[in-house]
Amino acid sequence: MKSVEQHISDLLGLVAVPEPTELDLLRAHGTVLAEPVVSPVSLPGFDNSSMDGYAVHAADLADASAAHPVRLPVVADIPAGDASPTAIRPGLCARIMTGAPMPEGADAVVPVEWTDGGTVEVSVDRPARPGSFVRRRGEDVHEGATVLGAGVRVGAGEMGVLAAVGRRSVPVRPRPRVVVLSTGEELVEPGRPLGPGQIYESNSHMLAAAARDEGCEVYRHGFVGDDPAAVWDTLEGLLVRADVVVTTGGVSMGAYDVVKEVLSTKGTVEFTQVAMQPGKPQGFGTIGPDATPILTLPGNPVSAFVSFHLFVRPVLRRLRGLPPTPLPSVRARLATEVDSPEGRRSYLRAVLSEPTAQDPVPTVAPAVRQGSHQLSALADANALLVVPEEAVALAAGDLAEVLVLPRY
Ligand code: AMP
Ligand code: MG
């Protein structure tokens with residue numbers, strides 16, 4: 001059996017980082033920048049007021065106090081967006097709003113709270129320092145400065161920065177197009193009546209959601225039965241939509257393991273056993289005229305889920321232009337004992353609790369139902385507890401490695 005690490009490295013060998021594409025700002029959310037972004041403008045673009053108040057010459061207010069307020073004539077009114085504010089001579093002031101350009105001559109803003117709010121003449125009851133409540137041109141970003149680096153994921157904050165420096169579009173890695181296909185004669189689309197021996201199809205919904213959470217564009221084909229010709233025809237028809245294909249089911253040792261049967265004779269797909277539980281039977285390779293990468297996951301829903309997080313996720317990350325890092329890992333104290341098969345690494349669905357003031361080491365509680373067909377604990381689990389190959393059991397209180405599942 002092959003190690004988990006070896007399998008991940010084989011899978012990463014299938015994919016390269018794609019060429020950049022220019023995407024409109026609105027479509028760039030969740031993609032990864034292919035090049036650094038340099039600001040064509042300074043931020044702020046001009047000196048402006050950080051408060052609603054009065055633009056003044058600070059020197060005029062040197063002697064202002066509550067007992068002896070200084071009175072200044074208000075000679076202009078400057079709202080945000082004012083194109084050419086009047087210059088202010090010493091001894092005068094202008095009413096000014098937050099974000100409005102500073103008038104020439106004035107060197108400070110007095111917040112309206114320090115005044116009587118007058119519109120013809122204003123009374124100010126304390127001194128102002130030069131520069132106070134003025135946002136200086138370029139104090140946030142200098143024109144020509146790099147505001148975002150290559151490889152940065154465009155999240156909400158990054159969107160704000162891109163828009164603020166006036167970018168309409170950005171060079172990013174294209175969102176990977178993932179095709180998800182399940183196989184199984186027993187499967188029925190949720191919402192329809194179930195016949196004898198049938199089950200609802202859950203894997204493709206689960207994997208489509210997981211791939212979307214990873215910033216991919218997903219085409220969920222749903223499922224096909226266990227007829228080899230139908231499986232191959234369906235796969236072939238889907239290739240035009242795919243940068244990567246993910247299938248589930250039909251890869252173990254059964255008589256109707258159709259994915260294995262069909263792909264063993266086509267393309268370069270290799271079927272192997274990975275030293276893990278769940279998720280032992282895995283297949284990977286390329287198919288079709290463009291050598292499209294395909295990952296064939298086992299059909300048990302929990303095996304498919306674990307396989308996604310261990311194997312599919314790093315592949316998708318590389319395609320997105322992110323480092324193909326594994327899930328973040330922490331050490332945690334086991335709440336209960338667990339067993340594990342010898343020679344295979346177990347990934348148990350578990351709930352990881354926050355560390356407390358009394359115990360800085362987090363606690364991890366494995367779910368009670370760990371069968372690879374037992375889906376119920378998937379929704380509650382926020383982590384995968386790892387039991388190493390050589391261990392057949394861990395005791396309550398032992399420290400163990402825990403992979404933290406992403407929460408979106
Ligand atoms: P297989 O890998 O095709 O032998 O399937 C293993 C187990 O997973 C069987 O019990 C299947 O019924 C179940 N299974 C396979 N595919 C799916 C699916 N898409 N949704 C839910 N269960 C599935
Ligand atoms: Mg099957």
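The values are calculated or read from the model by the stated rules, or taken from the named source; none is laboratory data. Source: prediction; values computed, not measured. Using ideal geometry, Cβ is built from the backbone for each residue, glycine included, and neighbour counts are taken over all protein chains shown. Remember, those area values only see protein heavy atoms, side chains included, never the ligands or the DNA or RNA. Shrake-Rupley method; radii C 1.70, N 1.55, O 1.52, S 1.80 Å.
Protection proxy ranking, highest mean first, for peptides 214-223, 121-130, 144-153: 214-223, 121-130, 144-153, where packing is the per-residue count of other beta-carbon atoms within 10 Å, averaged. Direction-averaged projected area, Cα convex hull, region 23-135: 9.1 nm², rounded to one decimal. Proximity of backbone amide H atoms, modeled 1.01 Å from N, is registered between GLY118 and SER123 at under 5 Å, excluding neighbours fewer than 5 places apart on the same chain. Here's the picture: a label point sits 7 Å out from the Cα of GLU22 along the beta-carbon direction, and within region 140-171 the residues with their amide nitrogen under 15 Å of it are 167-171. 3J(HN,Hα) along region 84-92, derived from phi through the Karplus expression 6.51 cos²θ - 1.76 cosθ + 1.60 where θ = phi - 60°, amounts to 8, x, 4, 6, 10, 7, x, x, 10 Hz, with x in place of Gly and Pro. In this simple spin-label model, placing a label point 7 Å from the Cα along the Cα-to-Cβ direction at both ALA275 and ASP227 gives a separation of 4.2 nm.
Over all Cα atoms in the chain, the spread is summed up by Rg and Dmax: 31.0, 97 Å. Dipole magnitude for region 329-404: about 200 debye, using +1 per Lys or Arg Cβ and -1 per Asp or Glu Cβ, origin at the Cα centre.
Magnitude of the Cβ-charge dipole of region 48-135, K/R +1 and D/E -1, about the Cα centre, nearest 20 debye? If you can, show how the numbers build up before the last one.
Details: 6 positive and 11 negative charges, 29 e Å.
My answer is approximately 140 debye.
For the chain, the residue among ALA59, ILE78, PRO388 whose Cα projects farthest onto the positive side of the dipole built from Cβ charges is PRO388. Between the beta carbons of ARG192 and ALA150, assuming R0 = 60 Å, the FRET efficiency works out to 0.80 to the nearest 0.05.
Annotation: amide H of VAL274 within the under-5 Å range of LYS2, GLN282, sequence separation 5 or more or interchain, hydrogens built in the peptide plane.
Taken one residue at a time, the phi angles of region 371-384 give Karplus couplings (6.51, -1.76, 1.60, θ = phi - 60°) of x, 6, 9, 8, 7, 4, 7, 4, 5, 7, 5, 10, 7, 10 Hz. Gly and Pro are set to x.
Backbone amide hydrogens, once placed in the peptide plane, bring SER346 within less than 5 Å of GLN277, VAL387, excluding anything fewer than 5 places away on its chain. Extending 7 Å from Cα along the Cβ direction at THR286 and again at GLU5 yields two label points whose distance is 2.7 nm.
The candidates GLU22, GLU354, arranged from most to least accessible area with a 1.4 Å probe in the full protein assembly, appear as GLU354, GLU22. Of all aspartates and glutamates in the structure, the ones whose alpha carbon falls short of 20 Å from that of LYS2, not counting any fewer than 8 places away in one chain, are ASP10, GLU270, GLU342, GLU389, GLU390.
A Gaussian network model of the chain, with springs between Cα atoms under 10 Å, assigns the largest mean-square fluctuation among PRO44, PRO355, PRO324 to PRO355. For region 225-274, the share of alpha carbon pairs falling in successive 5 Å distance bins from zero is 4, 19, 31, 28, 13, 4, 0 percent.
For the pair region 1-61 / region 302-367, the C-alpha centres are spaced 29 Å from each other. Compute the helix-to-body angle for 228-238: its Cα long axis versus the longest principal axis of the chain, expressed 0 to 90° and rounded to tens. Between helix and principal axis, roughly 20 degrees. Each Lys and Arg Cβ is given +1 and each Asp and Glu Cβ -1; about its Cα centre, the chain then shows a dipole of about 200 debye.
Modelled this way, with points 7 Å down the Cα-to-C-beta line, the labels at GLU342 and LEU378 are 3.2 nm from one another.
Residue ranking by accessible heavy-atom surface, 1.4 Å probe, largest first, among MET1, MET159 comes out as MET1, MET159.
3J(HN,Hα) along region 257-266: 7, 5, 5, 4, 4, 6, 7, 5, 9, 10 Hz, from the Karplus curve 6.51 cos²θ - 1.76 cosθ + 1.60 with θ = phi - 60°, whole Hz, x for Gly and Pro.
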